[in-house]
Each structure stands twice: as structure tokens, then as C-alpha cells.
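The values are calculated or read from the model by the stated rules, or taken from the named source; none is laboratory data. Here the structure is a predicted model, which is why all the values come from computation and not from measurement. Note that we place each Cβ from the backbone using ideal geometry, even for glycine, and neighbour counts take in every protein chain shown.
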Amino acid sequence: MASRPSKKRKLTPPQSEDEGDSRSDAKIQRSFFQNAAKWDLLEDQYKARKGTKKERENTRLPVKRDGRIQAVVAPVEDLKESDDDWLEDEGDRSAEDEEAEQRISQQEPVIPVKQQIREAKEELAKLATVLNEEPYENAGAFKALTKIGESEIPAIVTLSLVTRMAIYKDLIPGYRIRPISEDGPGGEKLSKEVRAIRSFEQALVSSYQTYVKELARYAKTRKGEAGADGIASVAITCASSLLTTHPHFNFRSDLINILVWKLSSRRTDKDFEKAISTLVTLFTEDDEGRPSFEAVSTICRMMKSKDYLVHENVVNLFLHLRLLSEFSGKASNESVDLPMESRKKQKRVFRTKRERKQLKEERALQKDMDQANANVLHEERDRMQSECLKAVFAAYFKILKLRTPHLMGAVLEGLAKFSHLINQQFFGDLLEALKDLIRYSESDENPSEDPEAAAESDDEDDELTRNSTREALLCNATAFALLAGQDAHNAKTDLHLDLSFFTTHLWQTLLPISQNPDLELGARSLHLPDPDAPGSSESKLRTDTRGNKVNLQTTTVLLIRCLTAVLLPPWNIRSTPPIRLAAFSKQLMSTSLHVPEKSAQALLALLADVGNTHGRKIAALWNTEERKGDGVFNALARSEEGSNPFATTIWEGELLRRHYCPKVRDAVKIMEKNIMSER
């Protein structure tokens, strides 16, 4: 088969140099004339741009590129060199604009304070509603509440504190939440509901701890800071409310520390009174005993750190403890004696190993049931109350040793109230301390003649005003109340106690007390000072009136308490010697002539009771024909035994029958009737 012939390519003949040059020139001319028609339009556009923006004229000729003629634009460097001033102004402006834009971008948008407060209110209300409706499913809302409270605006902080307080008061359970490690082994299988409850409880305890720490921090804010006073008052209010409503819950000691820190200041204000009322409520409503013990321990530590320079209302808090009516043991500042019934309970009973194991299981089960039912264990309560009593007596005895002037009345009143709970071994030391206080008050009434010592005593009086007369009466009343609370017969025989010192001191103070113009005024009674008093000034008289802080009872009431204990002792009403009865009866009749009408009625009523009980022993004083003694009566004798009372008669009754007050006249008739009927 013949092969196919190959295809021949047609080749163009090579062009000559003359023909190539002519053709290229023709193309260039053709393109030049085609672009020339557009030059007018480009020029018009350039002129329009030149009218809107000032630019330097371009003097460069067009060049031919890729077969086209194009205008050459001057580079930026050349323009800078040609027009430096304009570019410098524009460069400065652009730099300032860039810096301003950066600052604006860095700054957050400023929101007005009122709008922030409104948004915080809405967010707090939303979170509170969610927690109240479905608390177990929204435990994460506690963190959001805490974050809102971190604001720097005082109004938002106050709203956060109050809102969280209301939420916690509604959500806190009736039991103390323990850590998960205490509930059982960590690998135990739990249901979905139990896990949800546990996670909620842990979130509640964690956020509550943070909240209590915030309360402690805000309560201690210093004055002068923005909104510090208002936030501090709100923090103390929240702590008081939580401690009153849920004293059983976690971090109770931290709330107590907040209130006790406020009580460490001697200046009273609304927050101080609020803390006092909260602790009083805690003491009176405490069924368990442990919250009261924690509060008493914290108060005692605070007083010790302040060298017992605290307000007297802090010491008076101990008078509201429930152990005054519930505790049946005897205690001192070092030990506690339990009653015989509790001692019998502590005796061991022989049991086999199997019985002990079974009893242990039953006690554990009963303990869990008691905790679940919130029952109070009497043994635990007695132990807590005994520890409270020891701490209270230790504080009282320390204050007696330091002789803190403005706390003497509160301490002596407390000892009189706790007299039935004082151990007999502690009784002798306490009486010696009371005797020292009486001697100390007598030394204050009789100052030394040394001018330097007198100046020092004046400075001390200006700092802390004392009322030595009332202190001495309180010491007497406390001593007799202590003896009345004990087994008097055993106390005299075993401890050899002698109260004649207090009886003698009371006899010596009857006549000076009758000349006291403030006899019927209490420690906080309002009365006008004497403007003619030597060395009196408005500021000093204000200080004296405000500083008279012994206790609330008037001097007349204290005097009647002491006289009743001396003349009508409750431990043995028939044991009073006749010479003591006669001496005090004569002195009281003389005193009734000088005291105001109400005090005269009280003294005559006491003498009527004495005449009703011991009328035969003192009836001879109302009859001049039945004198039993020789000599002269001495009303200024050092003791009632040395006054020789049966050598005189009571003639003061004739004057008291003509008293201007009809009630005093009636009291005299009743008194004489009782005495004559027993004759």
C-alpha cells in the first residue's frame, strides 16, 4: 500500500527591513491618532479635579508603553519635597485623628450611674425570682449575685447585700450543711435527686461564706469613704437578721464576730444598739446552748483585748442568759459542780460486750434522729451552760480586781443575779473582793490632803465618773444576795463567813444617804444640775450626769434591798439580834425625817414589816416607861452594837404624824399598829 504523502507548510517569505519599519510606523501613527481623540476628555477631567483639590502641576512628558502613550505621575517623594508645608499639616492631622480613634476604641462606653443602678435592680430581681422558683436547677445564680455585689457604686453594693440576705433567709435549710466528706464515702452511688441537692447545698454554703466575708469587710469600713457609713450599717443589719433567724447554720461564729466587733466601741449608736438587741435575742431564744457559749466566749475575748474598757451594756448582756433559770449546778471561774442527779447518771453500769455494741448503735441512731428532728440534748446543753457560767464568772472577777469604775454596777448586779449559781469555794474570795471595793469607795469619799493626789483624782473623775455611795450599796446588796443563794447554815459553819462588815458599813451610811438630794433619782434620770455648785460648768455637769452609770435602780431601792437583807434575812428570819433591830429602827425613823416623801413611805413600810415580825423585840422603843438600857444613845457610833439603842425612845413618830404628805401619815399609823399588836 502506497504511503500517504506528507503535508507541506506554506512559508511566508522573509520581510525586508524597509517593509518592517514602514509597517510598524504605520501602526504607531494609527494608535496615536486614535488616542488623540481622548486627550480633550482627560484634560477636562484633570481641570475639574484641579478645581476641587489643589495639586501641583505635572510637568513630565507622556511616555510610550506597550504601544500606548501615557502620562507620567510624579512619585510621592518628589511631591513631598515640592510641597512640604501642606503634607506636614495633613500628616499632623492624620496622626491626631489616629490617636483619637485609638483612645475611643480603647475606652468602654460610659453608662450613667442611674442606668447602672436600674439594670442592677432588674438583674437582682431576675436572679432572686429564679432562685426562689427553682433553686436546685439554678445553683449557678449565686455566682452571678456575688459578681453584681463587686460593683464600686455604693447603691448597687447595698442592693446586693440586702437582696442576698433575703434570698439566704428563704433558702437556708433547718440544719447545718456538712462537707461531702463527712456524709459518707465518696464512691457511694447516689440518685440524681440526691446529687442535685448536694450540689445545691455546696453552692449555697460556698456563696454564703463569701457573703459573710463581705459583711465582715463592709462592717469594718472606716468613716470618710464614699458611702461607708450606710454600707456598714446595712452590713450589721444583715448580720443581725441572719444570726437571729438562722443561728444553727454554718459560719455562725463569723456573724457573732461582726456584732462583737461593733460592741468593742464605747460609743453607742443605732448599730451598737442593734447588735445588743440581736445578742439579747440570741441568748433568750437559744435552746441548744452552743450559740450562747460561742457568743459569751467571743465577748470575753474582746473585753480582755480591750482591757475591760467597754460599755456597761456589754457586761449587762450576761444577765439575759437562760442559765439563770435553767442551770442547776454550782460554778466558779475555774470549776463547775454538777448536781447529784447528773452525777448519778455518770456512774458506769456493767454491760457485756454485746450489750455495749448494741447500746453504741442505738446511741448513734438516736443522735441521727435527734439531729434530723432538731431535738436538743439536755446533757450537751448543761455542758455548754456550765462553760458559759465559768466564762462569765472569770470576766466578773477580773473586772472586780481591776476596779473598772463604770462597770462596777453591772458586775455587782450580775453577781447578785447569779448568786444561786456560785460555788461556795468561790464565795469567800468574792466577799473579800467586795470588802476591798467598799474600802476603795470610802477612800474616794475621804480624799487625801496632798494637792498632787487631789489633782490626779480630779483628772480621773473627769475621765470616768464614779458614784461611790451606790457602789457601796451594791456591794452590800450583792453580798447578802450571795448568802441568800447559798445554804446559809452550811456556809457559816463550813466556811466561817462573817457578814458583820457589810452590816456595819450599812449602819454608818444611813445618815449620809439621807442627806443625798438625788436619793430618788436613777442612774439615767434626767434632772437639772445645781448652777450654784462650786466649780460647776456646763460641760462638766453634762459629763457628770451622763457618766452616772452604776445601774438602773435608784439609791432608795438599793438601800431597801440592803436593809431587808439585814433586818429580815430570808435564810433565817428569826435570827436577827434585838440590839441590831433596835439600832436600825431608831436610825431609820430619824432618816425618814430627812428623805423625800416616797423614800419615807418605803422606809416606814419596811419598819412595818419589821414590827410585824419582831414587834416584841423593839416595842420598848415606843414606850418611855420601859427603857432597858442606861446611858445615852449615840447615832454616830462605829457599829450598831455600840450605839446603845435601848437608852432612847422613838420620838420621830410624833413629827411624822404631822407630815405634809397624807401617805406618809398613813404609813406611820400602820407601822405603829403592827408594833403595838405584837407587844
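Below, the figures for the structure above:
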quantity: Qualifying position, being of a type outside the set (Ser, Thr, Tyr), more than 14 Å from the chain's Cα centre (by Cα), crowded, with 16+ Cβ neighbours inside 10 Å and at pLDDT 85 or above, among Asn316, Asn257, Asn333; calculated: Asn316
quantity: In the stretch 229-254, residue modelled with the highest pLDDT [restricted to those that are of a type in the set (A, V, I, L, M, F, W, C) and over 14 Å from Glu214 (Cβ atoms)]; calculated: Leu243
quantity: Residue in the stretch 518-527 that is at pLDDT below 55 and within 25 Å of His594 (Cβ to Cβ) present; calculated: yes
quantity: Qualifying residue in the stretch 175-196 (condition: under 20 Å from Asn257 (Cα atoms), at pLDDT 90 or above and not β-branched (Val, Ile, Thr)); calculated: no
quantity: Of all residues in the stretch 290-306 being in contact (Cβ under 8 Å) with a residue 60 or more places away in the chain and not hydrophobic (A, V, I, L, M, F, W, C), the one that is surrounded by the fewest Cβ atoms within 10 Å (Cβ to Cβ); calculated: Lys304
quantity: Any helices (runs of 4 or more DSSP H) falling wholly within the stretch 571-679 and containing at least 2 residues that are at pLDDT 90 or above, hydroxyl-bearing (Ser, Thr, Tyr) and farther than 22 Å from Ile560 by Cβ; calculated: none
quantity: Residue within the stretch 554-562 that is in a loop (DSSP other than H, G, I, E, B) and either within 26 Å of Asp666 (Cα to Cα) or at pLDDT 90 or above (or both) present; calculated: yes
quantity: Residue list for the stretch 277-289, restricted to those being surrounded by fewer than 18 Cβ atoms within 10 Å (Cβ to Cβ) and of a type in the set (D, E, K, R); calculated: Glu285, Asp287, Glu288
quantity: Qualifying residue in the stretch 648-662 (condition: of a type in the set (Phe, Trp, Tyr), under 27 Å from Leu558 (Cα atoms) and surrounded by fewer than 17 Cβ atoms within 10 Å (Cβ to Cβ)); calculated: yes
quantity: Check on Phe633, surrounded by 14 or more Cβ atoms within 10 Å (Cβ to Cβ), farther than 23 Å from Asn516 by Cβ, of a type in the set (Phe, Trp, Tyr) and in contact (Cβ under 8 Å) with a residue 60 or more places away in the chain; calculated: no
quantity: Matching residues in the stretch 142-156 - criterion: being β-branched (Val, Ile, Thr) and under 17 Å from Gln115 (Cβ atoms); calculated: Ile148, Ile153, Ile156
quantity: Residue within the stretch 418-427 that is part of a helix (DSSP H, G or I), surrounded by fewer than 19 Cβ atoms within 10 Å (Cβ to Cβ) and at pLDDT 80 or above present; calculated: no
quantity: Cβ-Cβ under 8 Å pairs, at least 6 apart or on other chains, the stretch 574-587 side under 17 Å from His505 (Cβ atoms), far side in a helix (DSSP H, G or I) and of a type in the set (D, E, K, R); calculated: Arg580/Glu641; Ala583/Glu641
